[in-house]
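J.: Quick one: structure below, then a few questions.
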Amino acid sequence: MDSSLIVQYGPALLRGFGVTILCWAAGCAIGLVLGFALMLLRQLPIRPLQALIRAYIEIIRGTPFLIQLFLLYSGGPSIGLRLEATTAGILGLGLYGSAYFAEIFRAGYQSVPKGQVEAALSLGMSYGAILRRVIVPGMLVSTLPAIVNMMAILTKETVVLSIITVPELMYEMQTMAAETFATFETILGMALFYWLLVEVVSRLGRRLEARVTRFLSHSSNARA
Amino acid sequence: MKFSVILDALPYLLGAAVTTVWVSLLGVLLGQVIGVLVCVARQSGNRAADIAGGVYVSFFRGVPLLIQLLLIYYMLPLIGIDVPPLVAAVGALSLASGAYVSEIYRGSLNAVPHGQSEAALALGFPTATIWTRILLPQAFRISVPALVNELILLLKASSLISVVGVAELTRTSQTISASNYRPLEIYLAAGCIYLAINGALALFGTLLERRLQEG
């Protein structure tokens, strides 16, 4: 590969990487917030609402991400929902993530010992306080590995956004490949780059896990 | 929303769904073979085989499927193998699936009590027999839920092979909606078909699990 290509396409690739990170971060944020909200709403004793949320989760998890993106981006305008590619991409990533995060949070919510909630209730804590000080910290510890894993999966899903012409890294790379005819080299480079990226995200996640669960090993050491 | 559009397109969509299903099934079956081989290679005690298997698993789990697909699609002609897109697509799905399947089997093998292979060894079973008669059958039974899950994941992932022009469900939806300008209805229909297939697979998985638990 010619080194002048790096000078020529470097800025575009960097910009693409920026868009990739933006889509990933925004998608994760939307997914986490919406997923948490869905999990909480599902706890309410309203049957139709529970069924609706369950259907939402099953539909998102049962259909390909690409089809969801096409529906949002190409199907949206038919019902007056006109989104720019990047906006549609971020929203799509967020909605897709939210279903998986909602299930992760639900498992986490159920893993918090009932006795802790009852103890907090008997101490007169409000539901908001219980959620904030008992349930969420407990959930965070048990769900963090799954959340990190899902965030790593979403890193990989960002490349699918290139299909609906979001100008992220994969899209810029394909433009470069088409213009330079160095298709194979470019894709190989991209494969190695994403391999590294996913590895970095997973490693950072494991570090975070170690930090968050640090107190667990401390307390078990203290008991031993 | 015009439902007549969906009715008109339905025969084509269902035909394409058949392609989606058999491409995914083929991917999972070949993935099984690759996965078992990689898993056995990594457990064999040969250091080189273990490292090679580890790199394979890490690469195919770490690199987005879309990139793997394009890599294989563009690599094969470079090394002088000219194959139709469908073959490249099945190859990519199998290789990706193999990496996940080998990890599923690795987990299941750990669940088979170690004493069993030791007992077989003490009775003079050859290594190959220990694998084929004792370890793999039990590992398979333990992995059934994870394998069904893998099939569902692969079925969804197969939508990406539309990119290299394989006329499966997603590609066909794209083609139809480009000609009738009704993307909403067509993609909704495609989504429903995916959902139905996955629902059927999940149900089949539950039945199979129950069956295996009884047996």
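The values are calculated or read from the model by the stated rules, or taken from the named source; none is laboratory data. Predicted model, so just to flag it, every value in this text is computed and none were measured. Every residue, glycine among them, receives a Cβ derived from its backbone with ideal geometry; neighbour counts consider all protein chains shown. Only protein heavy atoms, including side chains, enter the accessible area calculation; ligands, DNA and RNA are left aside. Shrake-Rupley method; radii C 1.70, N 1.55, O 1.52, S 1.80 Å.
J.: Using a Förster distance of 45 angstrom, determine the FRET efficiency expected from the C-beta separation of A:ARG206 and A:ILE6, and round it to 0.05.
T.: 0.90
J.: First compute the accessible area of region B:1-137 with a 1.4 Å probe, then give the percent of it belonging to carbon and sulfur atoms.
T.: The computed percentage sits at 69.
J.: Sticking with this one: Convex hull over the Cα atoms of region B:3-214, averaged projected area in nm²?
T.: 14.3
J.: Near the amide H of A:MET125, under 5 Å away, which other amide H atoms are found, from residues 5 or more places off or on another chain, if H is placed in the peptide plane?
T.: For A:MET125, no residues qualify.
J.: Applying the Karplus parametrisation 6.51 cos²θ - 1.76 cosθ + 1.60 with θ = phi - 60° to the phi angles of region B:66-82, what ³J(HN,Hα) value in whole Hz is obtained for each residue in order, glycine and proline being reported as x?
T.: For region B:66-82, the Karplus curve yields 4, 6, 4, 4, 5, 4, 5, 4, 8, 7, 4, x, 5, 9, x, 9, 9 Hz.
J.: Please compute the Kirkwood hydrodynamic radius of region B:76-151 from all pairs of different C-alpha atoms, in Å with one decimal.
T.: Taking the inverse mean of 1/r over all distinct Cα pairs, region B:76-151 comes out at 14.7 Å.
J.: Which whole-number percent of Cα pairs in the protein assembly as shown have a distance greater than 28 Å?
T.: When every Cα pair of the protein assembly as shown is considered, 57 percent fall beyond 28 Å.
J.: For chain A, give the percent of accessible area contributed by carbon and sulfur heavy atoms, probe 1.4 Å, rounded to a whole number.
T.: Whole-percent figure for carbon plus sulfur exposure: 66.
J.: Tell me the Rg and the Dmax, in Å, that the Cα atoms of region A:66-224 produce.
T.: Cα radius of gyration and Dmax of region A:66-224 are 21.4, 70 Å respectively.
J.: Using only the alpha carbons of region A:32-141, what is the convex hull's orientation-averaged projected area in square nanometres?
T.: Average projection, Cα convex hull of region A:32-141: 8.3 nm².
J.: If one computes P(r) from the Cα atoms of region B:131-183, what percent of pairs lie at distances over 19 Å?
T.: 53
J.: Quick one: if you take sqrt(5λ) for each eigenvalue of the C-alpha gyration tensor of region A:19-87, what semi-axes come out, biggest first, whole angstrom?
T.: 25, 17, 11
J.: If you take the accessible area of A alone plus B alone and subtract the pair, what total do you get in square angstrom, rounded to 100, with a 1.4 Å probe?
T.: Its buried surface, counting both partners, is about 2800 Å².
J.: May I ask you to give the solvent-accessible area per residue for region A:54-197, in square angstrom, as obtained with a 1.4 angstrom probe?
T.: 43
J.: Do any GluC sites (Glu not before Pro) in region A:1-109 lie in a DSSP loop with no more than 13 other beta carbon atoms within 10 Å, and if so, which?
T.: Answer in residue order: A:GLU84.
J.: Build a GNM of chain B with springs between Cα atoms under 10 Å: which of B:LEU37, B:LEU154, B:LEU169 gets the top mean-square fluctuation?
T.: B:LEU37
J.: Check A:THR165: other-chain or 5+ apart residues with amide H under 5 Å from its amide H, H built from backbone geometry?
T.: Correct list: empty.
J.: Rounded to the nearest 0.05, what FRET efficiency do A:TYR127 and B:LEU195 have when you use their Cβ-Cβ distance and R0 = 41 Å?
T.: Working from the Cβ atoms, E equals 0.70.
J.: Can I ask one more? From the phi of every residue in region B:157-164, what ³J(HN,Hα) in whole Hz does the Karplus formula 6.51 cos²θ - 1.76 cosθ + 1.60 yield, where θ is phi - 60° and glycine or proline is x?
T.: Using θ = phi - 60°, the values come out as 5, 5, 4, 6, 5, 4, 5, 8 Hz.
J.: Go through region A:115-128 residue by residue and turn each phi into a ³J(HN,Hα) via Karplus (6.51, -1.76, 1.60, θ = phi - 60°); whole Hz please, and just put x for glycine and proline.
T.: Ordered by residue, 3J(HN,Hα) equals x, 5, 5, 4, 4, 5, 4, 5, 7, x, 6, 6, 4, x Hz.
J.: I need the chymotrypsin sites (Phe, Trp or Tyr not before Pro) found in region B:153-215, filtered to DSSP loop residues with at most 12 other beta carbons within 10 Å of theirs.
T.: Listed in order of number, the matching sites are B:TYR181.
J.: Does any residue of region A:135-182 lose at least 10 Å² of accessible area with all protein chains in place compared with its chain alone, and if so which ones (probe 1.4 Å)?
T.: At a threshold of 10 Å² (probe 1.4 Å), the residues of region A:135-182 that become less exposed are A:LYS156, A:VAL159, A:VAL160, A:ILE163, A:MET170, A:GLN174.
J.: Same structure, new question: Taking the radius of gyration and the Kirkwood hydrodynamic radius from Cα positions alone, what is the Rg/Rh ratio for region B:1-49, to two decimal places?
T.: That ratio equals 1.45.
J.: Tell me the net charge near A:MET125. Cut-off is 14 Å between Cβ atoms, A:MET125 excluded, with +1 for each Lys or Arg and -1 for each Asp or Glu.
T.: With Lys, Arg at +1 and Asp, Glu at -1, the net is +1.
J.: Roughly how much of A:VAL212 is accessible, in Å² to the nearest 10, using a 1.4 Å probe?
T.: 40
J.: Normalised by the number of residues in chain A, what is the relative contact order in percent for Cα pairs under 8 Å and 6+ residues apart?
T.: 27
J.: Specify the residue with the greatest mean-square fluctuation among B:SER162, B:SER177, B:SER97, computed from a Gaussian network of chain B linking alpha-carbon atoms under 10 Å apart.
T.: Comparing B:SER162, B:SER177, B:SER97 in the GNM, the peak value goes to B:SER177.
J.: How much area per residue is accessible in region B:130-215 when the probe is 1.4 Å and only protein heavy atoms are counted (Å²)?
T.: Heavy-atom SASA per residue in region B:130-215 reads 47 Å².
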